[in-house]
């Protein structure tokens, strides 16, 4: 539960709330707090629906991360799992699973070079996005917070 609360707070800050469907900088139809599944042009939702979608989406990502932890024998703190949940919510779980970021975490979760791996994920449609630079810095700081 702690991981969900921490991750949702971080994701809300970086995604913002939009009650009408829009295309994100990567060109994906999005609504609410970064919800993409089934989102179509012209969709409208309430703030309560957006919150419900966010809670469900983040819980799903956390569950996937926990399975990845078990498979790799890696045990993460709530802060580390929440940082990765924000990252995977934004990039997609499979991007995390296949990334050098995860490879470094699974080898040594305390490796200081992990922060640099977060920072590499700052592009949307081939352009550096200031919002992603800030988000990755916050995710890395949360990952290493004690």
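Is it the case that residue 16 is modelled with pLDDT of 95 or more and either under 17 Å from the mean Cα position of the chain (by Cα) or exposed (fewer than 14 other Cβ atoms within 10 Å of the Cβ) (or both)? No, not satisfied. Scanning region 5-35 for residues that are in contact (Cβ under 8 Å) with a residue 12 or more places away in the chain and assigned to a loop (DSSP other than H, G, I, E, B) gives 16, 17, 24, 25, 26, 27, 33, 34. Picking from 54, 101, which residue would you name as being in contact (Cβ under 8 Å) with a residue 12 or more places away in the chain, under 17 Å from residue 2 (Cα atoms) and crowded, with 20+ Cβ neighbours inside 10 Å? The conditions single out 54. Criterion first (modelled with pLDDT of 95 or more, farther than 25 Å from residue 60 by Cβ and out of contact with any helix residue (DSSP H, G or I) (no Cβ under 6 Å at 6 or more places or on another chain)) does residue 120 satisfy it? Judged against the criteria, residue 120 is not a match. Residue 51 meets each of the listed conditions (1) outside any helix (DSSP H, G or I); (2) farther than 22 Å from residue 127 by Cα apart from (1).
If you go through region 108-138 and keep only what is more than 11 Å from residue 25 (Cβ to Cβ), part of a loop (DSSP other than H, G, I, E, B) and under 16 Å from the mean Cα position of the chain (by Cα), you end up with 120, 121, 122.
In region 27-45, is there at least one residue being out of contact with any helix residue (DSSP H, G or I) (no Cβ under 8 Å at 6 or more places or on another chain), modelled with pLDDT under 95 and under 13 Å from residue 15 (Cβ atoms)? Yes, because at least one residue in region 27-45 is out of contact with any helix residue (DSSP H, G or I) (no Cβ under 8 Å at 6 or more places or on another chain), modelled with pLDDT under 95 and under 13 Å from residue 15 (Cβ atoms).
The values are calculated or read from the model by the stated rules, or taken from the named source; none is laboratory data. Quick caveat, the model's predicted, so the values are computed rather than measured. With ideal geometry, Cβ positions are generated from the backbone for all residues, glycine too; neighbour counts draw on all protein chains shown.
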